[in-house]
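Just below is one structure, and these are the notes that go with it.
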Amino acid sequence: MSADLKTVTEGRGGHGGTSDTPVTGDEATKVTAAVTAKDSAVTVTSVRKDPDGSYDVFGTKNGSQVRYDVSADLKTITAGTAGHGGGSGRGPRPSSSSSTGTN
């Protein structure tokens, strides 16, 4: 669902049922410009909007997949881990339990 609640797009599910909205047009152009201003070596391949209004930007850099988390105001851009699959795409989740090897 878009931040203005006017656009609803069914996403490709994932853990917890989170879905991002594909971003196109002027909005995608602005987000892409923000990312390439931070790192001109990135070629943006897709932009998705999270339910909180922030963005996930996917692309390539030097032949490798890259992802950036971009704040809704386009001012904070953080390198993430690449991955288009289900879930939030925010990289590995910490384990809820740890093994210490003491049995």
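A few comments on the model shown:
- Computed Rg/Rh of the stretch 15-79, alpha carbon atoms with Kirkwood Rh: 0.96
- Sorted peptide list for 48-60, 25-37, criterion being average Cβ within 10 angstrom, highest first: 48-60, 25-37
None of the figures in this text is laboratory data; all of them are computed from the coordinates on show. Being a predicted model, the structure only gives us computed values, none of them experimental. We place every Cβ from the backbone using ideal geometry, glycine too, and count neighbours over all the protein chains shown.
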